[in-house]
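Laboratory data are not the source of any read-out in this text; all were calculated from the coordinates shown. Source: prediction; values computed, not measured. Here Cβ is always computed from backbone atoms with ideal geometry, including for glycine, and neighbour counts include all displayed protein chains.
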Amino acid sequence: MTLIKSISGIRGTIGGARGENLTPIDTVLYAAAYGTFIKNHRNKENYRIVVGRDARISGEMLQQLVMNTLTAMGIDVVDLGLSTTPTVEMAVIMEKADGGIILTASHNPAQWNALKLLNHDGEFLNADEGKKILEIADSGDIVFSEVHKLGEIAKNEAYIDMHIDEILDLDLVNTEAIKKANFRVVVDGVNSTGGIAVPLLLNALGVHAVKLYCEPNGLFPHNPEPLAEHLTDLMELVVAEKADFGIVVDPDVDRLAFVDENGAMFGEEYTLVAVADYILKHRSGNTVSNMSSSRALRDVTEKHGSNYTASAVGEVNVVQTMKETNAVIGGEGNGGIIYPELHYGRDSLVGIALFLSYLAELNISVSELRKTYPAYFFSKKKIELTPELDVDGILAAMAKKYAAEDISTVDGVKIDFPENWVHLRKSNTEPIIRIYAEAATQQTADELADRFIAEIRTISQ
């Protein structure tokens with residue numbers, strides 16, 4: 001059982017002992033620390049925070065704890081109920097709220113949940129802001145409101161529809177072309193809020209949606225991380241339904257992956273590549289992804305005569321770099337699309353709409369589209385952390401060993417070889433070291449990742 005307190009938010013497993021897991025006491029503490037931060041940071045008379053959740057079994061319990069903690073601090077709450085991470089981000093902007101909290105552990109299994117924290121722009125807090133919240137929680141410097149100054153909770157379940165309306169109004173979402181294409185698409189909503197939002201979006205675009213695991217009951221039918229080994233049912237149903245392709249999202253709908261008409265993975269890394277290709281055909285501008293993402297985005301960007309920049313891992317770092325470089329599209333190779341014309345947050349819904357627009361414009365199959373991109377293969381592996389592992393020491397040793405290569409230590413250690421690369425870093429969301437490798441063949445990528453796992457284990461002995 002685990003509680004991870006980081007600048008990315010508060011994430012942990014449900015149950016167990018206070019301070020060791022995400023218990024009700026820990027939930028109230030960090031919600032109160034966030035409320036205190038908002039009041040200190042915004043320094044105004046009235047405050048309003050948007051709160052929404054994915055469909056995890058623990059979600060409603062945590063949301064009630066969070067909302068009532070905030071009202072006890074004199075903060076009004078907009079309760080979105082079952083929602084998506086990008087929808088909560090949009091709601092913060094549209095409500096002109098002071099911040100937002102999403103109760104979701106993203107791709108983690110059902111025993112996990114988390115408080116993901118937003119600023120008044122509907123964007124994730126930066127490192128300094130996250131650090132301040134942890135300091136407030138540690139200090140206990142939290143003051144609640146007297147009885148006549150308690151906040152109020154206002155329920156608003158219209159924001160998924162409003163989010164979709166904003167997507168439909170985007171210039172590059174070609175609704176007319178999509179409707180003419182008469183697409184048939186299978187949707188795996190992993191029994192979370194994607195099962196609500198994605199079919200609503202598809203219906204609005206005139207796409208026939210075949211639902212798979214779209215009941216938002218929090219009973220994940222498979223590991224919720226949208227990787228090929230977890231998506232056998234989706235792959236088989238796409239073929240059986242003779243669908244044009246399949247869509248899968250993670251429980252909070254900020255990661256997006258596609259399955260082609262043959263039941264094969266389009267490649268989670270290529271979600272952003274395809275959407276960027278479409279955007280750059282219509283808009284000149286730069287692109288950004290994190291340094292654990294595929295080289296394919298760089299290749300496509302340069303093909304269009306634009307510049308690509310790699311950021312440190314983490315949505316807040318991608319967003320910061322996008323603003324600095326005036327990027328027109330960006331995101332993360334795990335299927336996270338950030339389209340600033342809508343908002344600065346990973347958003348599967350806008351990614352789906354833009355991908356459909358591109359397919360309708362090209363009038364080709366998903367497998368044919370995939371063949372137009374460079375053939376890179378990814379290996380994503382991990383090492384579970386144990387108390388005896390000195391992660392910083394291991395990464396420093398690896399950086400020293402490969403100092404003669406093209407190396408970056410901005411975020412862990414990334415080693416760029418001429419034909420491939422490997423990135424080693426400690427996860428912000430799980431007690432693991434991530435080992436990502438990319439190469440021209442799957443075998444080479446896997447062998448490269450395995451080689452570095454063996455080297456890490458040798459160093460740690």
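Brief remarks follow.
- Sparsely packed GluC sites (Glu not before Pro) within region 121-220, loop by DSSP, other Cβ within 10 Å at most 14: 146, 152, 157
- Placing +1 on each Lys and Arg Cβ and -1 on each Asp and Glu Cβ, with no other charges, gives region 355-424 a dipole about its Cα centre of roughly 220 debye.
- Burial ranking of peptide ranges 34-40, 233-239, 167-173, 433-439 (average Cβ count within 10 Å, highest at the top): 433-439, 34-40, 233-239, 167-173
- Region 3-157 has equivalent-ellipsoid semi-axes of 21, 18, 15 Å, by the square roots of 5 times the alpha carbon gyration tensor eigenvalues, sorted largest first.
- The alpha carbon centroids of region 269-325 and region 16-31 are separated by 38 Å.
- For the pair region 333-410 / region 50-100, the C-alpha centres are spaced 29 Å from each other.
- Inter-label distance for residue 440 and residue 168, nm, one decimal - labels placed 7 Å from Cα along Cα-to-Cβ: 4.8 nm
- Listed values for region 61-77 are Karplus-derived 3J(HN,Hα) couplings in whole Hz (6.51 cos²θ - 1.76 cosθ + 1.60, θ = phi - 60°), namely 4, 5, 5, 5, 4, 5, 5, 6, 5, 5, 5, 5, 9, x, 9, 6, 10, and x replaces Gly and Pro.
- 25 Å Cα-Cα reach of residue 303 towards lysines, excluding residues that sit fewer than 8 places from it in its own chain: 281, 323, 371, 414
- Gyration tensor verdict on region 162-370 (Cα atoms; rounded if a/c is under 1.5, prolate if a/b is larger than b/c, oblate otherwise): prolate
- Residue among 336, 212, 175 farthest towards the positive dipole end of region 162-370, charges placed on Cβ: 175
- Distance between the pseudo-spin-label points of residue 143 and residue 454 (7 Å out from Cα toward the beta carbon): 6.2 nm.
- Considered as an equivalent ellipsoid built on the Cα gyration tensor, region 8-99 has semi-axes of 22, 17, 10 Å, the largest given first.
- Efficiency of FRET from Cβ geometry, residue 375 and residue 302, R₀ 25 Å, rounded to 0.05: 0.90
- Listed values for region 254-260 are Karplus-derived 3J(HN,Hα) couplings in whole Hz (6.51 cos²θ - 1.76 cosθ + 1.60, θ = phi - 60°), namely 10, 10, 9, 9, 10, 10, 6, and x replaces Gly and Pro.
- Farthest toward positive dipole pole in the chain [+1 Lys/Arg, -1 Asp/Glu at C-beta], among 148, 397, 296: 397
- Across region 22-39, computed HN-Hα scalar couplings (Karplus, 6.51 cos²θ - 1.76 cosθ + 1.60, θ = phi - 60°) run 7, 8, x, 5, 5, 4, 5, 4, 6, 5, 5, 5, 5, x, 5, 4, 4, 5 Hz from first to last residue, x flagging Gly and Pro.
- Extension gain for residue 176 to residue 203 (0.36 nm times residue separation, less C-alpha to C-alpha distance): 8.4 nm.
- Estimated dipole of the chain in Debye, rounded to 20 [Cβ of Lys and Arg +1, of Asp and Glu -1, Cα centre]: 340 debye
- Only DSSP H runs of four or more residues enter the estimate; each adds -39500 (n - 2.57), and after division by the residues of the chain the mean residue ellipticity at 222 nm equals -12000 deg cm²/dmol.
- Per residue, the convex hull spanned by the Cα atoms of the chain amounts to 136 cubic angstrom.
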